[in-house]
Each structure stands twice: as C-alpha cells, then as structure tokens.
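**Student:** Dropping a structure here in structure tokens format, bear with me for questions.
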Amino acid sequence: MPEFVYVARNLSGERITGEMSAGNERDVVSMLSGRELFPIEVNEQKESSAVRIRRRPNAQAMTNFYTQLATLLQNGVPMLQSLNILKQQSTSAVLAEVIADVRTRIEDGSSIGEAFARHPKVFNSIAVNMAKAGAEGGFLEDALDRVGQFTEQQSDLKSRTVGALVYPVVLSVVGSLIVTVLLVYFVPLFGEMFETMRRQGNLPKLTEALLGFSDFLTSYGIWFLGILAVLFFVIRVQLNTDAGQRFADKLKLKIPLFGPIAQSLAVARFCRVLGTLLGNGVPILKALEISRHATGNTILSDTIETATENITSGESLAIPLTKSGQFPSTVTEMISVAEEANTLDTVLVNIADGLEKRTSRKLDLMVRLLEPLMLIVMAIVILMIVVALLLPIMNMGSAMT
C-alpha cells in the first residue's frame, strides 16, 4: 500500500505533519477528516525513508522488545517514554535505530501499527496486524505480549530443529571429504601398481570400477564441481519463481520421513498464528489472510485461501481443510468441534502446542536413527575402497605361491 506524507491543521489551528498508508490521496483526506484534521497538503512518498536494515535483529532481541514494551505499558508508562527506555536499553544497534524511528512516527501522529509497518524486515505481518488490532481494540499490551510469546516459541522450535540436524550434517560433510581425499589422492597411488594386471585383464571388477571413478574425479573433478555450482544456481533461480516454489513445496510434503514432519510444522505455525490473532480480536477473514502466509508452504497456503473463500460464502473452516487432504484428520476434527463451541482461538493454540511436541519427538527419533545409519554408510564405503585395493594384492600373493 502506498505511503503518503500529509500536512494538516487541527480544530485549534495547530499545524500537524505525518505519514500514513492508504490506497490513494482521497482515502488519506477521508481518514484525516475522521481524525478531525483539515488537510492542507497530501503527497505520495516515492522513496521509503525507513531505516536501512544492515542486519536483522535476532529473535531473542525482538522477544525482549515486545514483552518489555507490553510490561511498561501495563504499568502505566506512556508509549513514547516506553520506546525511549527500550531504545536506550537495546543491545542491538539496528533495533535501537528502528525503535527511535517508530517513536518519531508515533510522535508525529502515526499509530503503532503504521510505525511497525514501515519496517517489514524487523516487524513481520503478525506483529504489525496484532499491533493495529490491539491499538484499535484497546488491548495493545496483551497483543504485544502475545506477539512476544509467539516469537519466542517459534525461535525455540527453530533452534531445536537446527540443533538436531547439526551433527548429521557435519557427519555427512566430514565423511564426504574423507572419501573424496581417498579417491583423489590415495587411490591413484595404486594405479601404476595395478597397471600390469589391468592390461592382462586380471584386475577385479571392483578394483577396476574404483580406479575408473578415481581417474574421473582426478581428471574432471573441477568440471564436475563447476557443473554442480551452475546447477545449484539454476535451481536457486527457479525456486524464486512461483512455479519453482510450488514444485519445491509440493516435493517437501512428499519426501519420506521428512514430508510428514514438514507438514506438521507448517500446520502448527498456521494454527498458532490464527489462534493468536483470533484471541486478540482480529476478524477471522483478516486472520486467515495473515496466517496462511505463516505456513511457509504455498500448497497449504492455497488450501487455506480456498477455505477463506468458503467462509465468505457461509461455510465452516473445517470442511474445506478436510477436503484438501493436506491437514491431519485429528486437526480438522478438533477445528470442527471448536467452531461449534465457539472456542476456536484456544483450540488452535492447543493444536499447535500438541503438533510441535509430537513433531519434536519424531525429529529427535529420526535424527537418532540417522546418525548410526550415516556411520554405517560411511563405514561400508570406506570398507569397499579398502577391499578393492586389497583384492589385487591378495591375488598377486596367491599367484606367487
């Protein structure tokens, strides 16, 4: 939505300047009139004057900001003073700069939601919309506190997931390097030794294959790495397109073992965001529009968009989610019961809690199984290399005796 800079006067004749988001100049004039302001000048802002983000603040810094701002407001500290305190206490230089800009905009007449919206790299759509709803509905402190809780929960879940995968990834990288070094530098040393047997056709097939693969890596390894780099670049470019992203998201859900985990995490994010928004008074259609993007998966996002259209025509949320087949039946059943009992916001958060706990256990189990499996694979590969090199030597010894 375009940003407009305005100059207006209030009923006392005082000159007031500020910024706001609107569809066009007529909407700006209408909104100013609703605030009992008489517009003098309204101009569309062509270039954003928001703070340039060099490095995005981490999740812990954002969690602290939301919860501390909520606490200060709950204890009667005025908004501008609260922001000034948080700016001085912030350990992140970028966040301190953003807080200063938010304070300036609020001082100039913008709402806190509008001020947050000026920094999309710092305040996501959930924070922006909940701040707007909280400011309009008179529950801003509670809304900010819930945003802080949500940010912390998502950060913890991400940390657990990344932490669980670190060891298998390191193990695979180290194993690949060891095998590559063996094939490129160690195996070729035996090539000349086995050359006579190769010409005579007495070289075992396993050794022949090993030497051939080693020669290929030695001769064309650089070209192979170059092809992989180009392929990686092409895939990355394709993933930035709608079709590529849709294909990747569809593939994620179908990968054995990993697919169900990815689906559960996406559904949990959707349920938590939707439940949090509904619990803070955001209308269901607006809440669905925001929460569908929180899934991180275009397939599930399209399913939720279809559900939104059905709700507009008078149907319940559970029916289209069930028909899509993308949501677990237990989840849709709980949503259906919650809609009838008018407890959808609470039930959705409970669903998210349950899904995250079960998914975390599945992920831990899968990683524990993956670690010995990778060790076994590495051991088999290295054993095959050793056996391939020892077989000709053993045959030569047998021939001599």
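**Student:** So which residues in the stretch 96-112 are closer than 17 Å to residue 66 by Cβ and free of Cβ contacts under 8 Å to residues at least 12 places away in the same chain, if there are any at all?
**Tutor:** Correct list: 96 only.
**Student:** To continue, here is another question. State the number of residues belonging to the stretch 85-108 that are in contact with a Leu (Cβ under 9 Å, 6 or more places away or on another chain) and closer than 21 Å to residue 141 by Cβ.
**Tutor:** The total comes to 9.
**Student:** Right, next: State all residues of the stretch 195-243 that are charged (D, E, K, R) and either closer than 30 Å to residue 391 by Cα or not in a helix (DSSP H, G or I) (or both); if no residue qualifies, say none. Steps first, please.
**Tutor:** Initially, the stretch 195-243 is screened for residues charged (D, E, K, R), giving 195, 198-199, 205, 208, 215, 236, 242.
Within the stretch 195-243, 195, 198, 199, 205, 208, 215 meet the criteria.
**Student:** May I pose another question? Kindly provide the set of residues from the stretch 113-150 that are under 18 Å from residue 72 (Cα atoms) and surrounded by fewer than 19 Cβ atoms within 10 Å (Cβ to Cβ), ordered by number.
**Tutor:** Within the stretch 113-150, 135, 138, 139, 141, 142, 149 meet the criteria.
**Student:** Looking only at the stretch 320-371, how many residues end up being in contact with a Lys or Arg (Cβ under 8 Å, 6 or more places away or on another chain) and at pLDDT 90 or above?
**Tutor:** Total satisfying the criteria: 1.
**Student:** Could you please let me know if residue 362 is in contact (Cβ under 8 Å) with a residue 12 or more places away in the chain, in a helix (DSSP H, G or I) and assigned by TED's automatic domain parsing to the domain that holds residue 167?
**Tutor:** Spelling it out, residue 362 is indeed in contact (Cβ under 8 Å) with a residue 12 or more places away in the chain, in a helix (DSSP H, G or I) and assigned by TED's automatic domain parsing to the domain that holds residue 167.
**Student:** Name the pairs: first residue in the stretch 179-202 and assigned by TED's automatic domain parsing to the domain that holds residue 383, second residue in a loop (DSSP other than H, G, I, E, B), Cβ to Cβ under 7 Å, at least 6 apart or on different chains?
**Tutor:** Every condition considered, the pairs that remain are 194/203; 197/203.
**Student:** Report, by residue number, each residue of the stretch 89-112 that is part of a loop (DSSP other than H, G, I, E, B) and surrounded by fewer than 16 Cβ atoms within 10 Å (Cβ to Cβ).
**Tutor:** 91, 108
**Student:** Look at residue 305 and say whether it is free of Cβ contacts under 8 Å to residues at least 40 places away in the same chain, more than 18 Å from residue 328 (Cβ to Cβ) and in contact with a Lys or Arg (Cβ under 7 Å, 6 or more places away or on another chain).
**Tutor:** Considered against the rule, which asks whether it is free of Cβ contacts under 8 Å to residues at least 40 places away in the same chain, more than 18 Å from residue 328 (Cβ to Cβ) and in contact with a Lys or Arg (Cβ under 7 Å, 6 or more places away or on another chain), residue 305 comes out as yes.
**Student:** Which condition number does residue 268 fail, the rest of (1) free of Cβ contacts under 8 Å to residues at least 40 places away in the same chain; (2) surrounded by 14 or more Cβ atoms within 10 Å (Cβ to Cβ); (3) of a type outside the set (Ser, Thr, Tyr) being met?
**Tutor:** (1)
Here's the yes/no breakdown for (1) touching a Pro at 6+ places or on another chain (Cβ under 9 Å); (2) not polar (S, T, N, Q):
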position	(1), (2)
274	no, yes
280	no, no
286	no, yes
289	no, yes
297	no, no
306	yes, no
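**Student:** How many of the residues making up the stretch 252-295 are in a loop (DSSP other than H, G, I, E, B) and not β-branched (Val, Ile, Thr)? Walk me through how you get there before you give the answer.
**Tutor:** Step one: filter the stretch 252-295 for residues in a loop (DSSP other than H, G, I, E, B), giving 255-257, 280-283, 295.
Still in the running and not β-branched (Val, Ile, Thr): 256-257, 280-281, 283.
Result for the stretch 252-295: 5.
**Student:** Which one of these is assigned by TED's automatic domain parsing to the domain that holds residue 166, hydrophobic (A, V, I, L, M, F, W, C) and in contact (Cβ under 8 Å) with a residue 12 or more places away in the chain: 379, 352, 341?
**Tutor:** Of 379, 352, 341, the one residue that is assigned by TED's automatic domain parsing to the domain that holds residue 166, hydrophobic (A, V, I, L, M, F, W, C) and in contact (Cβ under 8 Å) with a residue 12 or more places away in the chain is 352.
**Student:** May I ask you to say which residue of 147, 122, 128 is outside any helix (DSSP H, G or I), among the aliphatic types (A, V, I, L, M) and touching a residue at least 12 places away in the same chain (Cβ under 8 Å)? Outline the logic, then answer.
**Tutor:** Numbers: 147 fails: outside any helix (DSSP H, G or I); 128 fails: outside any helix (DSSP H, G or I).
Being outside any helix (DSSP H, G or I), among the aliphatic types (A, V, I, L, M) and touching a residue at least 12 places away in the same chain (Cβ under 8 Å) holds for just one of 147, 122, 128, which is 122.
The values are calculated or read from the model by the stated rules, or taken from the named source; none is laboratory data. Small disclaimer: the values here were computed from a predicted structure and weren't measured. Neighbour counts run over all protein chains shown; Cβ positions are idealised from the backbone, glycine included.
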